[in-house]
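So the structure is just underneath, and the comments pick up after that.
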Amino acid sequence: MEYYATLGDPCAKQDILEQMFRTGMTGVRLNLSHTSLTQCTPLLERAYWPAARRVGRRDAHLILDLQGPELRVGELPQPVPLREGLDILLGEGGVPVPPIILQTARRGQQISVDDGALLLEVRRTSPTVLLCRVLRGGPLLSKKSLSVLGAELDTPALTPADLENLAMADRFGVTHILQPFVRNRQDVETLRENLDSLGLSHLQVMAKIENQQGLDHLGEIMHAADQICIARGDLGNSIPLWKLPAIQKDVARRCRERNKPFCLVTQLLWSMEQRPVPTRAEVCDIYNGVLDGASALMLTGETAAGKWPVQAMGYLVKTAGEALRAVEPCS
């Protein structure tokens, strides 16, 4: 079983990372939606790899989570408070968004922001701006995720920033590539072609299933990728949330039948961003994920932004260990 953390300020010190390794962590995810490998050089060279060497983890994993076709809010000078029932402009004169959002969104469609924390409804459209009503409000921050619910956007599998980061992957000891918003086999093959051209065909490709297109083409994606990642954040935005458990179970079953390793990620211990102890529901979720056959578990905000990264990793490892002991007599 692999246990992954997401790198961020709370665990960006060698001593913290050493503690996490000793707790059972086997690798980390580097989220490149907000940064680049170049910007992370000090963190990797002065903290992560020295921590791995110090505890004897020569096989530690470093996972690059690429930008891919995910869409995000542009830079904001300060957070924008969105109040339910009021209107907001996206585009020219308002919140900066990628042009494809303006080109795709239609009147009456909903736009999910920040993994569904915020929800907008399009009231009027133009080539340069959308007038939207706030259905679910809160603070809007820079670089938060965007998706037009029910729409399939024609965006490239790899961004220019992805290509730059892949070109440096070998230098930084990258072991896995986490490919976001995989829609079909061609997306994975595009990534593999770029890896081959860089002499990086040995890297493991983890395909994130986080939209309806990915679900619809799961069979061909499993054939092309080394691993599947059930990414419940955006997946839970693209479908009614109450349907997510059944979909997670179905993807897990199909992976087991094909002997395809899969990773479970998003909100495994979400409450531990603010609390030193998880909820009962969270540990049950982890336990059941392991019983369903997960070969890896990944923490995100719990370690990237939370106050208790070491404790969160401890609960993850201990809970999964209990599940593994429960299934061993049956294996």
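The values are calculated or read from the model by the stated rules, or taken from the named source; none is laboratory data. It should be emphasised that the depicted structure is a prediction, and the values quoted were computed from it without experimental measurement. Here the Cβ positions follow ideal geometry from the backbone for every residue, glycine too, while neighbour counts run over all protein chains shown. Accessible surface is based on the protein model in full, side chains and every heavy atom, while ligands, DNA and RNA are left aside. Shrake-Rupley method; radii C 1.70, N 1.55, O 1.52, S 1.80 Å.
Of all residue pairs spaced 6 or more apart or on separate chains, those with beta-carbon atoms under 7 Å, a first member in the stretch 182-199 that is open to solvent by 60 Å² or more (accessible area, probe 1.4 Å) and a second member that is part of a helix (DSSP H, G or I) and not hydrophobic (A, V, I, L, M, F, W, C) are R185/E220; R185/H223.
Please find, within the stretch 105-116, the residue that is modelled with the lowest pLDDT out of those that are of a type outside the set (A, V, I, L, M, F, W, C) and closer than 19 Å to I239 by Cα. Within the stretch 105-116, the match that is modelled with the lowest pLDDT is D115. Could you tell me whether any residue of the stretch 153-162 is in a helix (DSSP H, G or I) and surrounded by fewer than 18 Cβ atoms within 10 Å (Cβ to Cβ)? Within the stretch 153-162 (the criterion being in a helix (DSSP H, G or I) and surrounded by fewer than 18 Cβ atoms within 10 Å (Cβ to Cβ)), the answer is yes, since at least one residue qualifies. Pairing residues of the stretch 219-246 that are open to solvent by 10 Å² or more (accessible area, probe 1.4 Å) with residues that are assigned to a helix (DSSP H, G or I) and polar (S, T, N, Q), at Cβ distances under 8 Å and at least 6 apart in sequence or on separate chains, gives R232/Q248; S238/Q212; I239/Q212. Within the group R54, R58, R22, R46, which residue is touching an Asp or Glu at 6+ places or on another chain (Cβ under 8 Å), surrounded by fewer than 18 Cβ atoms within 10 Å (Cβ to Cβ), more than 24 Å from D154 (Cβ to Cβ) and not small (G, A, S)? Of the residues listed, the single one that is touching an Asp or Glu at 6+ places or on another chain (Cβ under 8 Å), surrounded by fewer than 18 Cβ atoms within 10 Å (Cβ to Cβ), more than 24 Å from D154 (Cβ to Cβ) and not small (G, A, S) is R54. Within the stretch 38-50, does at least one residue satisfy the condition of being in contact with a helix residue (DSSP H, G or I) (Cβ under 9 Å, 6 or more places away or on another chain), in a loop (DSSP other than H, G, I, E, B) and of a type in the set (D, E, K, R)? For the stretch 38-50, residues in contact with a helix residue (DSSP H, G or I) (Cβ under 9 Å, 6 or more places away or on another chain), in a loop (DSSP other than H, G, I, E, B) and of a type in the set (D, E, K, R): absent.
Taken together, L102, L140, L119, L89 contain a single residue that is more than 28 Å from E193 (Cα to Cα), open to solvent by 50 Å² or more (accessible area, probe 1.4 Å), at pLDDT 90 or above and of a type in the set (A, V, I, L, M), which is L89. The criterion of at least 1 residues that are of a type in the set (D, E, K, R) is met by the following strands (runs of 3 or more DSSP E) wholly inside the stretch 176-236: 204-209.
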